[in-house]
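Structure first, commentary second.
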Amino acid sequence: MNHQELRKIAGQLIMIRFPGTVLDADTADFIRTNSIRGVCLFRGNMTDSVQLAKLTADLRAVMGPDALIAIDQEGGAVVRSTWVPAPPAAMGLGAADDTDLAYRTGAAVARAVKSLGFNWNFAPVLDLNNNPHNPVIAERSFGAEPQRAAELAMAWMAGSHAEGVACCVKHFPGHGDTHVDSHRDLPTVDKPLSVLENFEFKPFQLAAPLAPAMMTAHIVYPSIDADNPATMSPAILDGLLRKQWNYRGVIITDGMDMHAIAGRYGVGNAAVRALVAGADMVMALGTPETQDETLDAIAAALADGSLPQSAVDERLARLAALAQAYPCAPRAYTEDAADRVVMAEGWRRSLSARGNPQRPAAGDKVRLVARQDVVSDGVSEAGVPAAVVAATLGKLYDVELVTYSDADVFDWSALPQDGRYTMLASTSRLRYGARPRATWKPDLHLALWNPYQALDIDAPALMTYGFAAPALEAVNAWLSGELEAQGRCPVPGFE
């Protein structure tokens, strides 16, 4: 086979991203020329349902019937299509602790993304968040108890599968106990194998007979393989997952553009190493240049036999089976109103209290303190603007808004001592530093994203596990006395 024919085989083993909200001629030509079968779309590819349905239809026309068109629609802060019914975060569903609710939520998520032309959702998260300083998982996890987290995630997944959207559980074999974000550097989880088997690995092992796909973590687990992150580890992907657990589904890498991989190994070399280690598909995000580099590297490995044809045939068969079991066949979305009811139920039932918060009376004077800006951390969408929180609370109270740009220099003691009931709204994922921890004294803390922030501030708190509109509506329902906060935060430290 010549190099271009080998690139066509390589193209079936990678997933790409591209900029913009239309399928431009160059991208269409790149997909067609290289037989690309996998595309992941992000927030920047989306404006509304009409635009997105056309984009995915154009992709299907170029990619053919075995297209895999993927999205990260987990819930909470990690959603890409932000106008469809907003799902509660995994930890919110963990706080509600109801597998039926998790099933109905997963089904509602799938109905929306199916209508937009997707057939693969990179969810649910099976990481167990037992590290309060984890910068990237936190509320994306269903909890810290392996069995229950797995049961809730599997119910969510079953709901998705009933609606025809394949799930991909992540980040195998567990990203929960890290304090480093693998988008930025290479984390290590250095625990004895017996601990990993009873904790981190457990949800993935329970899911292995049912999950059609698993995404790998760019993390080193020295007790199994001290030299390679899981994404490129034969001992983990082939030894543990395929041979020991007999996993038959698709293994896809996390984004190979992430600094933990690209900056350390080079994208082409890393892609080949991941495929040789046992991955079926490489998530070659990045740019057209790095995608070209990836295709050339895989083609060269096919040519010299370091990636054997028999192994490639197995991978292609697994990918084809996934696409055929979950075909990319959009259908009309007629359940929007009903699904918003399901999502609102999830946000209301997940609402959790800490420290016996007291409600101000209707019409009271309230001072709201919140960050000026709302930022995306690259994984999640940007948080809720302070003015939106103020407007929501303004339905119940006379609200004065005070914003700050840097929590570490904001002087809480400079707030007027005028008897206003003071609320702090936390609208980013970032944990608070020493000064806010020591000096901030709100009457009520609205932890609207990362529940661990409720541990940082010495005040009664309400935790929503996310900032979508129905989360703010649930807060107002609590403040007005219509709703009790009955969720129970499913991780250590909140007892």
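The values are calculated or read from the model by the stated rules, or taken from the named source; none is laboratory data. The structure displayed is predicted, hence computed values, not measured ones. No Cβ is skipped: glycine too gets one built from the backbone with ideal geometry, and neighbour counts run over all protein chains shown.
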Review point. Any residue at all in the range 102-121 that is basic (Lys, Arg), assigned by TED's automatic domain parsing to the domain that holds residue 201 and touching a Leu at 6+ places or on another chain (Cβ under 8 Å)?
Key: no
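Being surrounded by 22 or more Cβ atoms within 10 Å (Cβ to Cβ) and either on the phi > 0 side of the Ramachandran plot or not hydroxyl-bearing (Ser, Thr, Tyr) (or both) is true for just one of 455, 430, 415, 448. Which residue is that? Show your work before the answer.
Working: 455 fails: surrounded by 22 or more Cβ atoms within 10 Å (Cβ to Cβ); 430 fails: surrounded by 22 or more Cβ atoms within 10 Å (Cβ to Cβ); 415 fails: surrounded by 22 or more Cβ atoms within 10 Å (Cβ to Cβ).
It is 448.
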Check your understanding: Within the range 159-182, is there a residue that is crowded, with 19+ Cβ neighbours inside 10 Å and touching a Gly at 6+ places or on another chain (Cβ under 7 Å)?
Key -> yes
Exercise for review: Mind counting the residues in the range 345-376 that are at negative phi, in contact with a Leu (Cβ under 8 Å, 6 or more places away or on another chain) and in a loop (DSSP other than H, G, I, E, B)?
Suggested key: 6
**Study point:** Every residue from the range 295-331 that is within 21 Å of residue 111 (Cα to Cα), modelled with pLDDT of 95 or more and surrounded by fewer than 16 Cβ atoms within 10 Å (Cβ to Cβ)
**Key:** 324, 325, 327
Point to revise | Candidates 316, 307, 322, 368, filtered to the one that is more than 26 Å from residue 428 (Cβ to Cβ), among the aliphatic types (A, V, I, L, M) and touching a helix residue (DSSP H, G or I) at 6+ places or on another chain (Cβ under 7 Å) | key: 307
Exercise for review: Select from the range 83-102 the residues that are part of a loop (DSSP other than H, G, I, E, B) and of a type in the set (Gly, Ala, Ser) and write down the one among them that is surrounded by the fewest Cβ atoms within 10 Å (Cβ to Cβ).
Suggested key: 86
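For the range 141-241, which fully contained helices (runs of 4 or more DSSP H) count at least 3 residues that are modelled with pLDDT of 95 or more? Show your work before the answer.
On the way: elements: 146-162, 193-198, 201-207.
In the range 141-241, 146-162, 201-207 are the helices (runs of 4 or more DSSP H) which contain 3 or more residues that are modelled with pLDDT of 95 or more.
Run down 31, 36 and say which single residue is free of Cβ contacts under 8 Å to residues at least 40 places away in the same chain, in a helix (DSSP H, G or I), under 21 Å from residue 168 (Cβ atoms) and of a type in the set (A, V, I, L, M, F, W, C).
Numbers: 36 fails: in a helix (DSSP H, G or I).
Going through 31, 36 in turn, the sole match is 31.
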